[in-house]
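Please treat every number below as a calculation from the coordinates, not as lab data. Because the structure is a prediction, the values reported are computed rather than measured. Quick reminder, even Gly has a Cβ in these numbers, built from the backbone with ideal geometry, and neighbours come from all protein chains shown.
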Amino acid sequence: MYFDTHVHLNSEELYENREILIQRALDQGVTYMCVVGYDLASSLKAIEVVQGYDFMYAIVGIGPNDCLETTDDDLNILDQYLNNPKVVALGEIGLDYYWDSVPREKQKEIFEKQIALAKKHHKPIVIHSRDASEDTYQILKAGQHGGVMHCFSGSYEMAKRFIDLGFYISLAGPVTFKNAKTPKEVAEKVDLNKLLIETDCPYLTPQPFRGKLNEPANVVYIAQEIARLKHLDVEDVARITTFNAKKVFGIK
């Protein structure tokens, strides 16, 4: 039983073949998935994709690379999306200084407003943070609202700081990459009770399929690598990370 906590079956690359990809994931024992938005359109599509599947859930939000034109009216629409019973979290939201396509102050403004929305709805937040660890940390510390550090790429020391704020650390395909020293250290040292697994498909395809389109079935390889690094059975990694994900997202 695996829980892929972050998939983009609402993306152009995967949407048309989503039913085939969902079945392939089920065949690999992936029994839970969260479909994640990054703007209003993809968030609405995430809600659409999960309808009719009792093992799939939606996460809605406006990400840092897509918030340049975001208005309070847009946030009001997002507020309504959060009322949907299939929506279990607000995300992916945060800061991205790598692309830097949106002024940093605008990113921070929309990030902070969405944290307030999540608190209003009593739903966790799913964080996108790239080259912005310290600013992300300071905003989350001030916001005092927990959730998930999606596709975590920071150091073990940074992971500890986020865990202390009430966050789970979610690991994706890079933990399987041969020379990915930092994610492997995080996988080794972070307590399994604080870890989640995800594909972030169609991106960040794990070994042995690196370079090909990613899909939810591949979350198994991420669990296998964590199990190897921790000297555990993969079944234990699957079971505990699934328990963690259901806990953070309030899934019974």
Could you list, in their original order, any pairs among LYS141/LYS181; LYS141/LYS246; LYS194/LYS247; LYS108/LYS194; LYS160/LYS194; LYS194/LYS246 whose Cα atoms are separated by more than 19 Å? LYS141/LYS181; LYS141/LYS246; LYS108/LYS194
Post the alpha-carbon centroid distance, the range 234-252 to the range 132-205, in whole angstrom. 16 Å
Report the one residue of TYR38, VAL237, HIS6 whose Cα lies farthest in the direction of the positive end of the charge dipole of the chain (charges on C-beta: Lys and Arg +1, Asp and Glu -1; origin at the Cα centre). VAL237
Give, in nm to one decimal, the length gained when the segment between GLU134 and LYS106 is fully stretched (0.36 nm per residue of separation minus the Cα-Cα distance). 8.4 nm
Nothing charged except the Cβ atoms of Lys and Arg (+1) and of Asp and Glu (-1): what's the magnitude of the dipole of the range 2-249 about its Cα centre? Round to the nearest 20 debye. 820 debye
From the square roots a ≥ b ≥ c of the eigenvalues of the alpha-carbon gyration tensor of the range 2-249, which class results: rounded (a/c under 1.5), prolate (a/b over b/c), or oblate? oblate
GluC sites (Glu not before Pro) restricted to the range 1-94 and DSSP loop, no more than 15 other C-beta within 10 Å: GLU12, GLU13, GLU69
